[in-house]
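Comments concern the structure below.
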């Protein structure tokens with residue numbers, strides 16, 4: 001079995017590495033904060049002192065860090081993965097980063113003879129722990145095929161989209177739908193509440209039929225409770241809709257609903273909510289309507 | 001068991017009446033076109049020559065006709081349900097009509113001593129045949145409680161929302177989410193296609209994770225195939241979003257994404273697509289981007 005290296009043990013990474021360990025892959029890890037790796041090391045993972053050292057000890061290195069800058073740093077920076085390049089190494093970046101950055105990193109990896117996949121995921125830590133992520137992959141088909149058994153330990157829906165950058169592009173498109181759906185759900189809850197309908201009943205009825213959305217299922221209850229602890233922040237959703245709109249500009253597509261949803265996210269940012277969960281867009285709509293969503297009892 | 005009368009045997013009504021018959025309720029029916037009642041009469045339903053005659057033969061009359069005007073006609077018109085009023089009669093209108101009309105009909109029924117429920121549904125003929133509709137009900141709680149066993153033959157999620165008109169109001173809010181979600185899905189598919197990603201892969205990846213929507217599941221495949229045979233028409237979706245925006249105007253709520261989605265529906269209407277399925281909004285976006293969504297092979 002391939003020796004796997006994993007860089008980035010956050011909420012998602014800690015669950016994904018657990019799945020890899022359970023599948024008996026030899027695993028070496030690195031994380032910016034070493035203390036987060038404690039449980040994993042107890043469970044059998046080895047620690048390495050840098051991304052470079054992870055690469056040197058591995059056949060496949062997976063990176064799962066915060067954003068484009070962090071991916072570039074741990075892969076292309078000093079003591080990064082590419083400095084540990086060796087024949088037979090494969091690189092998989094599973095972070096949700098800008099498609100341009102995916103393509104740029106892939107090119108630099110190729111320069112060192114390392115094939116790279118961009119393979120961002122959909123899901124959450126719970127789905128990650130169950131191996132039920134969605135994984136959309138850009139990069140060489142033969143590299144995808146070779147890595148498929150590893151992906152299958154983490155995901156339930158694994159798609160090869162196309163060349164490098166296409167995985168992260170599809171992730172933007174996925175998040176476009178999510179961003180607009182969250183806006184739609186927020187509008188519906190505020191309208192219901194101000195029209196005298198318990199928002200809880202909107203949640204109930206839209207759990208069946210054509211209006212059902214992941215946005216209502218996962219975000220609706222938190223919108224109603226004003227629980228804005230961040231799962232996916234306003235700032236991240238704003239960034240992704242902006243990236244989708246930038247892509248739309250490049251290829252010449254009009255996105256009316258995505259545009260207006262981005263404007264509401266920008267307002268939330270301006271109101272100091274950048275680090276709250278993206279479902280806090282409901283507070284922008286509440287303020288516009290001079291109301292607060294109320295559950296009846 | 002109550003004797004049930006059912007008026008309106010269309011795509012939905014024909015499935016709902018089948019469920020009622022299977023539950024052994026005595027059933028009397030009327031439909032504008034009698035020939036559509038043939039199968040039902042063979043299965044044990046009685047035919048009556050008018051909505052009035054249905055009411056005379058029933059304890060509970062259910063109406064399930066096209067729109068506000070049709071509901072008003074079969075209930076309040078000549079030879080309508082109210083002309084067959086008798087002590088103990090209950091009226092349930094399960095059509096998706098304007099909340100004002102629900103309230104107006106309820107008031108006229110009350111004048112004849114007849115309690116009325118507005119009880120529009122979510123779902124489709126397949127879900128209706130399985131008794132898996134969502135049913136949202138406005139009207140007196142005691143009438144709702146009395147009719148619950150009947151609703152339970154047709155639906156899996158049955159909610160008493162509030163007084164008369166609240167069922168049809170919640171249906172508008174449900175359709176607001178559906179209308180915006182369909183717009184979001186259309187935008188995503190056009191963007192993906194023009195950015196060189198097979199729209200089929202958008203469909204696949206959004207079947208899991210937070211971006212999943214009923215809109216993509218039920219409409220995505222038809223958008224990609226340009227199968228616009230009407231399940232719920234552009235005209236109906238435009239009408240419902242317009243009604244939701246009218247309600248928003250009345251109660252003072254801003255609905256940015258619903259507004260822009262309604263504009264695209266209006267464009268589709270202007271382009272002669274009123275009677276096509278609402279998922280044909282994708283053709284408006286395709287024309288704006290001078291493209292056609294293409295499945296790769």
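The values are calculated or read from the model by the stated rules, or taken from the named source; none is laboratory data. None of these values were measured; they are calculated from a predicted model. Heads up, the Cβs are rebuilt from the backbone with ideal geometry, glycines too, and the neighbour counts pull from every protein chain shown.
Worth pointing out:
- Matching option when the condition is farther than 19 Å from residue B:188 by Cα and either outside the structural domain of residue B:198 (by TED's automatic domain parsing) or out of contact with any strand residue (DSSP E or B) (no Cβ under 7 Å at 6 or more places or on another chain) (or both), among B:242, B:233: B:242
- Comparison of B:146, B:184, B:188, B:195 shows that the only residue that is touching a helix residue (DSSP H, G or I) at 6+ places or on another chain (Cβ under 6 Å), surrounded by fewer than 24 Cβ atoms within 10 Å (Cβ to Cβ) and farther than 20 Å from residue A:205 by Cα is B:195.
- Residues that are facing chain B (nearest Cβ under 8 Å) and not in a helix (DSSP H, G or I), drawn from the range A:207-231: A:207, A:208, A:209, A:210, A:211, A:212, A:213
- Qualifying residue in the range B:72-83 (condition: modelled with pLDDT of 95 or more, touching a strand residue (DSSP E or B) at 6+ places or on another chain (Cβ under 7 Å), surrounded by fewer than 16 Cβ atoms within 10 Å (Cβ to Cβ) and not assigned by TED's automatic domain parsing to the domain that holds residue B:233): no
- Residue in the range B:89-98 that is more than 15 Å from residue B:137 (Cα to Cα) and surrounded by fewer than 20 Cβ atoms within 10 Å (Cβ to Cβ) present: no
- Among the residues of the range A:113-136, the ones that are surrounded by fewer than 18 Cβ atoms within 10 Å (Cβ to Cβ), within 14 Å of another protein chain (Cβ to nearest Cβ), modelled with pLDDT of 95 or more and in contact with a helix residue (DSSP H, G or I) (Cβ under 8 Å, 6 or more places away or on another chain) come to 0 in all.
- Considering A:250, A:204, A:183, the condition of being over 30 Å from residue B:287 (Cα atoms) and at the interface with chain B (Cβ under 10 Å from one of its Cβ atoms) is satisfied by A:204 alone.
- Test for residue A:177: is it closer than 24 Å to residue A:259 by Cα and either touching a residue at least 12 places away in the same chain (Cβ under 8 Å) or outside the structural domain of residue A:260 (by TED's automatic domain parsing) (or both): no
- Members of the range B:249-264 found to be without any contact (Cβ under 8 Å) to a residue 12 or more places away in the chain and assigned to a loop (DSSP other than H, G, I, E, B), listed by number: B:252, B:253, B:254
- Test set (1) farther than 16 Å from residue A:193 by Cα; (2) crowded, with 21+ Cβ neighbours inside 10 Å; (3) at the interface with chain A (Cβ under 7 Å from one of its Cβ atoms) - residue B:240 fails condition number: (3)
- Some residue of the range B:14-26 being within 17 Å of residue B:118 (Cα to Cα), crowded, with 18+ Cβ neighbours inside 10 Å and not assigned by TED's automatic domain parsing to the domain that holds residue B:242: yes
- Residue check for residue B:110: out of contact with any strand residue (DSSP E or B) (no Cβ under 8 Å at 6 or more places or on another chain) and either under 26 Å from residue A:195 (Cα atoms) or surrounded by fewer than 18 Cβ atoms within 10 Å (Cβ to Cβ) (or both): no
- Flag for residue A:245 being under 21 Å from the mean Cα position of the chain (by Cα) and surrounded by fewer than 21 Cβ atoms within 10 Å (Cβ to Cβ): yes
- The single condition among (1) under 29 Å from residue A:292 (Cα atoms); (2) touching a strand residue (DSSP E or B) at 6+ places or on another chain (Cβ under 7 Å); (3) more than 7 Å from chain B (Cβ to nearest Cβ) that residue A:171 does not satisfy is (1).
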